[in-house]
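Scroll down for the structure; my scribbles are underneath it.
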Amino acid sequence: MTQAFEGASGAPGTNTNKVQLVYRRTQFVVPKIAVVAHAAAKNVRARGTRGPAGFRDVFSDLRRLAASVAAFLCLASLQTPSFAESSQLTFDPSLCAEDPGDFVYVALWQSVFRIPADQLFYILDHPPNELPRVPPPPKPDDPEGCPGHPIQAAVFDLALRLDAWPTNVGDPPLVEGGAWRFKLVASGPEQWGLQPSLENRHHSACLLAAEIEQDASGLLICRVPRRDKPNDRSVWAFSAYADPDIYAAPLDRLFTSSCLASINDRYHNCRVAYKVLPDVNVSYRFRTVDMPISQLLSYDRALRARLKASRVEGYDWPIDREIPRGSPQPPAKVD
């Protein structure tokens, strides 16, 4: 991954009014192989509706296989920057009509955040078919990243250092350690991202768990034995979740984290994902060697408070555009 920014004058991390920042930007492009697979799926589907009845099941299976391949490749292209065209976005705060301070302004559909300018390092633009839904900025002549012209994109990758984020009086204190690969993702009200998958993993883990324990922070942890190391609980995968009466994900969903042992079995890699606003999802990863699982609830409380403090409430868009709703993803059933 390229560096978060390059200082044209001054050192990285100094006041942004004196530093020109360069961000890596990517425009999503559908790989040709996915287009070919999709065409093959349509062709097989057409063939499968004709001919002797004995061949219909075969063509039906081939159709499903081709469609699955096409869907996988399209999903992979969304996740993999190698299937995209990369460029750079230069942000010079001194050119803004309104002083942004140490922040760069970003927009995910209609939600606008001011984030520490030196923590943004990767931008994935909206696909071309979604651009008509993006609202026009109030000051289109301002450079992108200014308060009047936030950077509008589908995904923002951030180096999450919460000590530099906006905060309000009374916000929860920070804890040591923290997350990496933090993402802000533009989403529709019915697009929940990885959240349903993590909820389902939790449900499966707790059904298969050899141990269910509650730690001092209030997290319930379901540990699943590993076949190759059934007696070494330190390397078992686990799902950690909070009693909803104590702590819940936004929009009244289960707060959960899925954790797997690292390749060297020295710590666990954990993932958290949830919808924080109707048009914004968040996800992040952390390593238990950097932040013990017992600190997760305190960390997430502080994270959400700073996200709230960084949001620009009532941003004055000239035109409100309809947000794409996406495919419905109902909440996972959790006993």
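All of the numbers you see were taken from the coordinates with simple rules; none came from a lab. Keep in mind that what you see is a predicted model, and the values were worked out from it rather than measured. Positions of Cβ are generated from backbone atoms using ideal geometry, with glycine treated the same way; all protein chains shown enter the neighbour counts.
Using θ = phi - 60° and the Karplus form 6.51 cos²θ - 1.76 cosθ + 1.60, what ³J(HN,Hα) does each residue of the range 234-240 get, whole Hz, x for Gly and Pro?
For the range 234-240, the Karplus curve yields 5, 10, 5, 5, 8, 10, 10 Hz.
Spelling out what I want: for every residue of the range 246-259, take phi, set θ = phi - 60°, compute 6.51 cos²θ - 1.76 cosθ + 1.60 (Karplus), and round to whole Hz; glycine and proline get x.
Running phi through 6.51 cos²θ - 1.76 cosθ + 1.60 with θ = phi - 60° gives 9, 7, 10, 6, x, 6, 6, 9, 5, 8, 8, 9, 9, 10 Hz.
Which one, GLY148, GLN195, PRO172, projects farthest toward the positive side of the charge dipole computed for the range 128-216 from Cβ point charges (K/R +1, D/E -1)?
Of the candidates, GLY148 comes out farthest on the positive side.
Given 0.36 nm per residue, what is the gain on full extension from ASN168 to ASP320 after removing their alpha carbon distance, in nm?
Net length gain for the segment: 51.9 nm.
Return an integer: the convex hull volume of the alpha-carbon atoms of the range 192-249, in Å³ per residue.
That works out to 93 Å³ per residue.
Starting from the Cα coordinates of the range 105-199, work out the convex hull volume and express it per residue in Å³.
147
List the residues, sorted by chain then number, that are 5 or more residues from LEU160 or on another chain and whose placed amide H is less than 5 Å from its amide H.
For LEU160, the qualifying residues are ARG181, PHE182.
Quick one: what does P(r) look like for the range 264-331 with 5 Å bins over all Cα pairs, in whole %?
Cα pair-distance distribution for the range 264-331, in percent: 3, 10, 18, 18, 16, 14, 9, 6, 3, 1, 0.
Amide H of GLN152 versus every other amide H placed in the peptide plane: which residues, excluding those fewer than 5 positions away on the same chain, fall under 5 Å?
Here ALA107 satisfy the definition.
From the P(r) of the range 130-247, could you give the percentage of C-alpha pairs in the tail past 17 Å?
Tail fraction, whole percent: 75.
How far, in nm, would the chain grow between ALA309 and GLN88 when pulled straight, counting 0.36 nm per residue and subtracting the alpha carbon separation?
76.7 nm
If you stretched the chain out fully between ARG233 and ARG285, how much longer would it get, using 0.36 nm times the residue separation minus the C-alpha to C-alpha distance?
Result for the pair: 16.6 nm of gain on full extension.
Under the Karplus relation 6.51 cos²θ - 1.76 cosθ + 1.60, θ = phi - 60°, what is the ordered set of whole-Hz ³J(HN,Hα) values for the range 208-218, x standing for Gly and Pro?
Karplus-based 3J(HN,Hα) across the range 208-218 equals 9, 5, 8, 9, 10, 10, 10, 8, 5, 7, x Hz.
Cα atoms only: what Rg and Dmax, in Å, come out for the range 182-335?
17.0, 62
The range 93-154: Rg/Rh from Cα coordinates, Kirkwood Rh?
Radius of gyration relative to Kirkwood radius: 0.95.
Across 10 Å bins from the origin, how do the percents of Cα pairs in the range 243-293 run, short distances first?
Bins of 10 Å from zero give 24, 43, 27, 7 percent of pairs.
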